[in-house]
Structure formats: structure tokens, C-alpha cells
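Each remark here refers to the structure printed beneath this line.
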DNA sequence: CACCATGTTCCTTG
DNA sequence: CCAAGGAACATGGT
């Protein structure tokens, strides 16, 4: 799933289901997801603990307990959900445990996700994109000292935590800035605008996620992009229809009709309108 | 078969 | 030492 909005929606979904539940029978089926810890150690530490809350830091998911806090990341293809305790484990299950009458499933087809109790990754993160410490001024300051393209800077979680490849393209389109623009060329006024569009872009996505009926296990057969777990069926809620520029290379800009372009930066695709974005 | 994919980390280069 | 860029990680979809 994973950029900030998808993780936020997932956290809100999991919270009421896991809060107050005891962790029992934790199993790791994909050991390569373990972050600086062994299966035995993780299972030993978490067994019997009660989950107090589910939180989020950037794209990381935090399981707060009456003991150590578990830190997890979905990578590119991670999913988390609960299913009946008696049901067979899904094919790509990476980690699972029993929570009350249900079984918690963390599955990850591509195995880019992670889980552990180390906060090393969290330590390196910058301000939350939707938090109070992330200000227009701070963004401007962070962009000043580098000639690296703005797209790359916004992907850096130490600059701002939560943006990923899709929403960076979307936010840059909304702010009229080309992904290739050197970050130190972003004026104070543009940084202010960019700050606003980042928050609007993420906020709108969360709002949409709240409004949809989602299938977190992905077993409904529907796959509509980022909230790929089903949409309520409305065509306009599908990813392709929602995005302003992401994935729309060769199609016409929704604002001016110019053909949308793609440029590869650091091995990742960026999309932009050559007229609307300077 | 070729190419693409929502992310992070590690290694190399400058 | 630091910044930037690329590759690696592993698998599925088109």
C-alpha cells in the first residue's frame, strides 16, 4: 500500500480491532523482513503483551504495548488485516499472531517490508508532513542548500516524512513546480505554496480513504491503485481517475490539455505537465 | 521474454 | 566527512 495516506487509513482501521488485544503465538514466516532482531527474540519479547495503541510515524506503523514497541513498514506491497483465527494463512504471510478470536496477518508479496523493535529508522526521519513542526519556513530552509532536483528532495524522509513517488508528483503538479527543478531554486513563496499543496494532497487522499469501503485483505478481486483494496465501486474513486498527473504520461493535462510527460529521476518515474509546471 | 511497480538501505563515487 | 546516484532487495502484473 504505502504512502502516508494509505498507512494512516490502515492504522485507523487496525486500531479498534487490535486495541486491548493480547499478542499470542507470534510467527515469522518471512525472516528477511526482520529488522535487527531474530524471530526467537521478537516472539519472546512480544508474547503475552497487550496492544495499547496503533500509531504511525511517516510510513512506519507502530504497535504500542505494555512492553517494547513494535515498528513495522509495508514496503511496496505490504498488507495488514485480521481474519478468523481458524482460517489458513495467506500465501505471502510474513508475520502473524493471534489477537483474541482473530488472527493478525502481515503479508508482503515482494518482501520489501520490515518489522522489529528498533527505532533506528525513526530516528533519521524529519517532520511529519501533516504535523505542526513541518512549516513553510522549515521546508524552505531544508530545500535551500542543495541543487538536487526538488522531486528527489521531497522523497527524502529526513526532509519531510510521509511522501512517496505518487504523491510527490501530485503535490508538485498542484504547486506548479517541475520535478526536475533544482531544490535551491524554489523561492520562499514557492516553498510556501508547495507546503500547502503537500498538505492538501495528503489530506485529500486521507479524506478519500475514509469515504471508501476498503478491502484490506485484497481478496475482493478489485484492485484500483493506491487504495487498491477496493473502492466503493465508483469509477471516479479509482486511482487512474483520481491522480492529476501520476501515471498519466501521454494523456492530456486535466488543467490545460497539454500532453503529460514522464521523466526518470534516480530510477523512479516522475510525471508533470510541461505547461503548468515550471 | 522485457519492462514496470506505492520503499528503504547499502555501496560507490565524487 | 558528506552528498548524490545507483543498485539491490524479491515478486507479480502487463
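The values are calculated or read from the model by the stated rules, or taken from the named source; none is laboratory data. Just so it is clear, the structure is predicted and the values come from calculations on it, not from any experiment. Please note: Cβ atoms are built from the backbone with ideal geometry, for glycine as well, and neighbour counts cover all protein chains shown.
Condition test on residue A:130, is it within 15 Å of the chain's Cα centre (by Cα), surrounded by 16 or more Cβ atoms within 10 Å (Cβ to Cβ), outside any helix (DSSP H, G or I) and away from DNA strand B (no atom under 11 Å from the Cβ)? Yes; evaluated as a whole, the condition is true for this residue.
A search for C-beta distances below 7 Å between a residue of the stretch A:20-35 that is touching a residue at least 60 places away in the same chain (Cβ under 8 Å) and any residue that is within 14 Å of DNA strand B (Cβ to nearest atom) and not in a strand (DSSP E or B), counting only pairs 6+ apart in sequence or on different chains, returns A:30/A:111; A:32/A:111; A:33/A:111; A:33/A:113; A:35/A:118.
For the stretch A:239-248, the set of residues classified as within 14 Å of DNA strand B (Cβ to nearest atom) and either over 20 Å from residue A:3 (Cβ atoms) or loosely packed, with under 15 Cβ neighbours inside 10 Å (or both) consists of A:240 only. The combined condition, being part of a strand (DSSP E or B), surrounded by 15 or more Cβ atoms within 10 Å (Cβ to Cβ) and over 20 Å from the mean Cα position of the chain (by Cα), is fulfilled by residue A:26.
If the condition is being in a helix (DSSP H, G or I), more than 9 Å from DNA strand B (Cβ to nearest atom) and either more than 16 Å from residue A:265 (Cα to Cα) or touching a helix residue (DSSP H, G or I) at 6+ places or on another chain (Cβ under 6 Å) (or both), then the stretch A:152-171 contributes A:153, A:154, A:170, A:171.
Among the residues of the stretch A:109-127, those identified as in a loop (DSSP other than H, G, I, E, B), in contact (Cβ under 8 Å) with a residue 60 or more places away in the chain and more than 15 Å from the chain's Cα centre (by Cα) are A:111, A:117, A:118. For residue A:53, are the conditions met, namely being modelled with pLDDT under 95 and away from DNA strand B (no atom under 16 Å from the Cβ)? So residue A:53 fails the test. The numbered conditions (1) closer than 26 Å to residue A:269 by Cα; (2) in a loop (DSSP other than H, G, I, E, B); (3) away from DNA strand B (no atom under 14 Å from the Cβ) are all true for residue A:140 except (2).
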